[in-house]
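Accompanying notes for the structure given below.
Every number in this text was worked out from the coordinates using simple rules, so none of it is lab data. Everything numeric in this text was worked out from a predicted model, so none of it was measured. Methodologically, a virtual Cβ is constructed for each residue, glycine included, from the backbone with ideal geometry; neighbour enumeration extends over all protein chains shown.
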Amino acid sequence: MLLRQRLGIAMLFIFLPINIPLWKMVFELSGNSLTWGDLQLFFGSLTLFIFGGILTFTPELKSPFQKGD
């Protein structure tokens, strides 16, 4: 498994849209406040979740200039 795929799987779990209340609670406990609204948090989390899926499920690309095995 490639490092890119491991990062993608981690992003899928961390930025699952159902985790938004967890993120809000963590930021409140740390003393910081999130300036984004709920809808912005949802779409930001969804974007990072989809990016994690892209990192996980895209195949490894080979260069056309690389010598064959």
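Listed residues Ser63, Ser45; which is of a type outside the set (Asp, Glu) and over 21 Å from Leu2 (Cα atoms)?
Working: Ser63 fails: over 21 Å from Leu2 (Cα atoms).
Going through Ser63, Ser45 in turn, the sole match is Ser45.
Does Leu61 satisfy the condition of being assigned to a helix (DSSP H, G or I), surrounded by fewer than 11 Cβ atoms within 10 Å (Cβ to Cβ) and without any contact (Cβ under 8 Å) to a residue 40 or more places away in the chain? Give the derivation first.
Working: assigned to a helix (DSSP H, G or I): no; surrounded by fewer than 11 Cβ atoms within 10 Å (Cβ to Cβ): yes; without any contact (Cβ under 8 Å) to a residue 40 or more places away in the chain: yes.
Against the criterion (assigned to a helix (DSSP H, G or I), surrounded by fewer than 11 Cβ atoms within 10 Å (Cβ to Cβ) and without any contact (Cβ under 8 Å) to a residue 40 or more places away in the chain), Leu61 does not qualify.
Which numbered condition in (1) basic (Lys, Arg); (2) surrounded by 10 or more Cβ atoms within 10 Å (Cβ to Cβ); (3) outside any helix (DSSP H, G or I) is the only one that Lys67 fails?
Answer for Lys67: the failing condition is (2).
Take the residues in segment 1-51 that are polar (S, T, N, Q) and loosely packed, with under 11 Cβ neighbours inside 10 Å; name whichever of them is nearest to Leu61 (Cα to Cα). Lay out the reasoning, then the answer.
Residues of segment 1-51 that are polar (S, T, N, Q), as a first pass: 5, 19, 30, 32-33, 35, 40, 45, 47.
So of that shortlist, the ones also loosely packed, with under 11 Cβ neighbours inside 10 Å come out as 30, 32-33, 35.
On the way: Ser30: 41, Asn32: 41, Ser33: 41, Thr35: 39 Å.
The residue in question is Thr35.
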